[in-house]
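Worksheet: the structure to be examined is printed underneath.
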Amino acid sequence: MRDPGADRLIHFLETGFPVVLSVAIGIKWQSEMKTKKERAEYIARKLDELYPEIPIPLDHTDAYTLLIAVLLSAQCTDKRVNLVTPALFALADNPHDMAKLSVEAIKECVATCGLANSKAKNIKALSEMLVNNYGGEVPRTFEELEQLPGVGHKTASVVMIHAFRIPAFPVDTHIHRLAQRWGLTNGKNVEQTEADCKKLWPAEDWEKLHLQIITYGREHCTARGCDGTKCEICRTTYPNRTKPFIAKKA
């Protein structure tokens, strides 16, 4: 007498198993994103859904006040910067007036920002340089901006793209971390991350995307709250990732 269980197993192997296997393979194939381009396209679509309008988080009125706000934001939250700049800009919102202030007067306004002493010195020094070398105007080239005291490539990039609409892709710690988690760069350094991101998206989208990625990194894919397996974009771009992804630091 044949075992009914054996008969059911044989029937499943002959009919049901191929169906289950094909469905499983199909689901896996659909969920995996094989290329950087595919992941980048999905990420851009998702970020547009989440943040169709994305404001610049630092309060400013022109290129100079944006430059000062970005300089102050180093190792400081945007919220804190927005709390201290009104008092500072009430004293001086242009290079000519700022250059006349003492370092101590500037420091008193920005004391809660962190690194206040060096930031105050740089604000005064760069303001003097703008007055003496550029007629009180913020220059419009990376080379000239990065010669200003306290201004690095990221700060220059923010000013270039937001104040002058000159293509740039500022990379901060959030973008550096997320670009690695999403398989857009190897994370060798921030310069590599910037170059890789620029290759994946058209220049006209850089201003919006850089702000969208930063905001997503603060709200969803945080340094501690997501390990590359928890937020929606990480789960969608790498659905089969089971171990935490360790991103290289900037």
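Only one of (1) touching a Phe, Trp or Tyr at 6+ places or on another chain (Cβ under 8 Å); (2) small (Gly, Ala, Ser); (3) part of a helix (DSSP H, G or I) is not met by GLY217, so which one is it?
For GLY217, the failing item is (1).
If THR65 meets every condition in (1) under 17 Å from the mean Cα position of the chain (by Cα); (2) modelled with pLDDT of 95 or more apart from one, which number is that one?
Here THR65 meets the rest and fails (1).
Have a look at SER157, SER127 and point out the one that is crowded, with 22+ Cβ neighbours inside 10 Å, modelled with pLDDT of 95 or more, under 24 Å from LEU209 (Cα atoms) and of a type in the set (Gly, Ala, Ser). So that I can check it myself, show each step before the final result.
Numbers: SER127 fails: under 24 Å from LEU209 (Cα atoms).
The unique qualifying residue is SER157.
Is it fair to say ARG218 is within 19 Å of CYS234 (Cβ to Cβ) and either of a type in the set (Lys, Arg) or surrounded by 21 or more Cβ atoms within 10 Å (Cβ to Cβ) (or both)?
Working: within 19 Å of CYS234 (Cβ to Cβ): yes; either of a type in the set (Lys, Arg) or surrounded by 21 or more Cβ atoms within 10 Å (Cβ to Cβ) (or both): yes.
Yes, satisfied.
Might you let me know whether the range 212-229 holds any residue that is at pLDDT 95 or above, among the β-branched types (Val, Ile, Thr) and within 20 Å of GLN192 (Cα to Cα)?
Looking for residues that are at pLDDT 95 or above, among the β-branched types (Val, Ile, Thr) and within 20 Å of GLN192 (Cα to Cα), one finds at least one in the range 212-229, hence yes.
Going residue by residue through the range 192-209, is there one that turns out to be in a loop (DSSP other than H, G, I, E, B) and either at pLDDT below 95 or on the phi > 0 side of the Ramachandran plot (or both)?
Checking the range 192-209: not a single residue is in a loop (DSSP other than H, G, I, E, B) and either at pLDDT below 95 or on the phi > 0 side of the Ramachandran plot (or both).
Condition (residue is assigned to a loop (DSSP other than H, G, I, E, B), crowded, with 20+ Cβ neighbours inside 10 Å, at pLDDT 95 or above and polar (S, T, N, Q)) applied to the range 184-191: is it met by at least one residue? Reasoning before the result, please.
Step one: list which residues in the range 184-191 are assigned to a loop (DSSP other than H, G, I, E, B), which gives 184-189.
Filter once more, keeping what is crowded, with 20+ Cβ neighbours inside 10 Å: 184-185.
Among the residues that remain, those that are also at pLDDT 95 or above are: 184-185.
With the extra rule that they be polar (S, T, N, Q), the set shrinks to 185.
The answer is yes, given that some residue of the range 184-191 is assigned to a loop (DSSP other than H, G, I, E, B), crowded, with 20+ Cβ neighbours inside 10 Å, at pLDDT 95 or above and polar (S, T, N, Q).
Give the residues of the range 226-243 that are surrounded by 12 or more Cβ atoms within 10 Å (Cβ to Cβ) and either at positive phi or in a loop (DSSP other than H, G, I, E, B) (or both), sorted by residue number. Please lay out each step first, then the result.
Pass one, the range 226-243, residues surrounded by 12 or more Cβ atoms within 10 Å (Cβ to Cβ): 226-239, 241.
Once the filter is applied, which keeps residues that are surrounded by 12 or more Cβ atoms within 10 Å (Cβ to Cβ) and either at positive phi or in a loop (DSSP other than H, G, I, E, B) (or both), the range 226-243 yields CYS226, ASP227, GLY228, THR229, LYS230, CYS231, TYR238, PRO239, ARG241.
The values are calculated or read from the model by the stated rules, or taken from the named source; none is laboratory data. All figures in this text were calculated on a predicted structure; none of them were measured in a lab. Cβ: placed from backbone, ideal geometry, glycine included. Neighbour counts: every protein chain shown.
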